[in-house]
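Here is the structure we will look at.
The values are calculated or read from the model by the stated rules, or taken from the named source; none is laboratory data. These numbers were taken from a predicted model, which means no experiment stands behind them. Here the Cβ is made from the backbone with ideal geometry for all residues, glycine too, and neighbour counts use every protein chain on show.
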Amino acid sequence: MPYLKAAGFRYRPRIDFRNTGLGHTLRLGVWTVLFVVVNQVAYTIVVRLASSGTAGPSDGTGYTIYSQTFLLMMVPHSVVTVSLATAILPRLSASAASADLAGLARTLSSTLRSTLVLIFPMVCVLPVVSREISKVVWGHGAAASSYGSFVPSLALFAPGLLFFTAHYLMLRGFYALERTRTVFWVQCVVASTNIVLALVLVQQASAKETSPALVLAYGGSYLVGASASYLLLRHLLGGLDTAVLVRLLVRLLIAAGLATLVAYGVERGLHRLFGEPGFFGAAGVATLVLGIDVVVFLALARMMRIREATTVLGAFTRRLPGSGGVDGGVLR
């Protein structure tokens with residue numbers, strides 16, 4: 001308040017709340033609260049199912065492994081997807097407010113393609129280095145002897161990350177349109193699918209397979225959620241450049257697939273040469289393999305003219321020292 005006063009702002013309390021838009025905000029917020037409730041119901045059931053994995057043999061996998069691999073999986077999502085979604089939300093809202101649905105669709109589809117270019121290679125290479133990452137993160141202290149239990153869950157979370165990313169971005173489109181009720185019903189489908197798949201898969205799984213089974217249920221639920229939200233939003237907006245997206249996905253699959261094969265060959269070769277690495281060795285192997293994967297992917301993306309990849313790379317390199325990204329004091 002002192003800083004507002006110094007800036008010339010004068011605060012005058014108002015007790016008349018009519019025509020302030022709070023009623024509209026409240027109606028939107030109710031559906032958002034229900035969205036959270038639905039997620040919590042699914043989460044509670046998943047936790048109870050995960051607990052069954054640790055109630056069996058000593059090598060059972062349960063909530064600890066599921067939750068910690070989930071948190072690690074959310075790191076690339078938080079750095080890449082959330083950042084891009086936050087950056088475009090004002091533009092999406094402006095397009096929605098001016099009834100420019102075509103502009104909203106262009107912004108959202110372009111952001112989805114840029115995000116997939118960053119996420120897709122991670123999704124492909126994560127299973128290759130999941131053992132090394134597990135050793136670095138969990139292979140010390142009390143969990144040093146059981147870090148291998150984290151590997152299957154971490155590897156299986158990779159496709160779930162891809163589906164969750166697409167679903168998350170589609171929801172930004174619904175929010176820009178103030179369709180919070182639609183988001184609630186889509187999330188009901190996601191939560192129901194997660195619950196059903198979790199119940200079926202965990203029932204068929206051993207105690208050791210409990211956490212991987214729950215990860216598969218998570219990925220399956222967001223595959224359904226991403227498909228439903230994309231198709232519904234495409235219908236509302238009159239298109240989302242689906243043909244362009246499909247062509248990009250095909251080229252990404254080729255480029256990222258070949259890069260992953262090279263990374264896998266390097267990872268296997270290092271293991272044959274040096275055997276099972278220790279903590280620092282695992283960190284070195286993971287760093288080297290990931291670095292080679294990125295270099296090969298970018299080289300292939302340039303050869304295949306994947307414009308989204310070169311655009312993202314150019315935006316990054318222009319900000320490096322000595323890259324000439326600043327001209328006359330203005331960032332290009």
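Of the residues making up segment 84-101, not a single one is acidic (Asp, Glu) and in contact (Cβ under 8 Å) with a residue 24 or more places away in the chain. If the condition is being of a type in the set (S, T, N, Q), surrounded by fewer than 18 Cβ atoms within 10 Å (Cβ to Cβ) and over 19 Å from residue 66 (Cα atoms), then segment 193-233 contributes only 227. Checked against the criteria, residue 69 does not count as outside any helix (DSSP H, G or I), touching a residue at least 60 places away in the same chain (Cβ under 8 Å) and of a type outside the set (Phe, Trp, Tyr). Of the residues making up segment 292-306, just one is of a type outside the set (Asp, Glu) and under 13 Å from residue 128 (Cα atoms), namely 292. Among the candidates 71, 34, the residue that is hydrophobic (A, V, I, L, M, F, W, C), more than 30 Å from residue 122 (Cα to Cα) and at pLDDT 90 or above is uniquely 34. Please work out which residue is modelled with the highest pLDDT, limiting yourself to segment 260-311 and to residues that are touching a Lys or Arg at 6+ places or on another chain (Cβ under 7 Å), under 24 Å from residue 246 (Cα atoms) and not in a loop (DSSP other than H, G, I, E, B). Selected residue: 308. Among all residues of segment 312-325, there is none that is within 21 Å of residue 112 (Cβ to Cβ), at pLDDT 90 or above and either among the small types (Gly, Ala, Ser) or part of a strand (DSSP E or B) (or both). When each of 217, 205 is tested for being in contact with a helix residue (DSSP H, G or I) (Cβ under 7 Å, 6 or more places away or on another chain) and within 24 Å of residue 75 (Cβ to Cβ), the lone residue that passes is 217. Pairs linking a residue in segment 12-37 that is in contact (Cβ under 8 Å) with a residue 60 or more places away in the chain and surrounded by 11 or more Cβ atoms within 10 Å (Cβ to Cβ) to a residue that is among the β-branched types (Val, Ile, Thr) and not in a helix (DSSP H, G or I), with Cβ atoms under 6 Å and 6 or more positions apart or on different chains, do not occur.
Whenever a residue of segment 274-289 is surrounded by fewer than 16 Cβ atoms within 10 Å (Cβ to Cβ), its partners that are small (Gly, Ala, Ser) and part of a helix (DSSP H, G or I), lying with C-beta atoms within less than 7 angstrom and at least six residues away or across chains, give the pairs 274/281. For residue 78, which of the numbered conditions (1) more than 20 Å from the chain's Cα centre (by Cα); (2) free of Cβ contacts under 8 Å to residues at least 40 places away in the same chain fails to hold? Going through (1) more than 20 Å from the chain's Cα centre (by Cα); (2) free of Cβ contacts under 8 Å to residues at least 40 places away in the same chain one by one, residue 78 breaks only (1).
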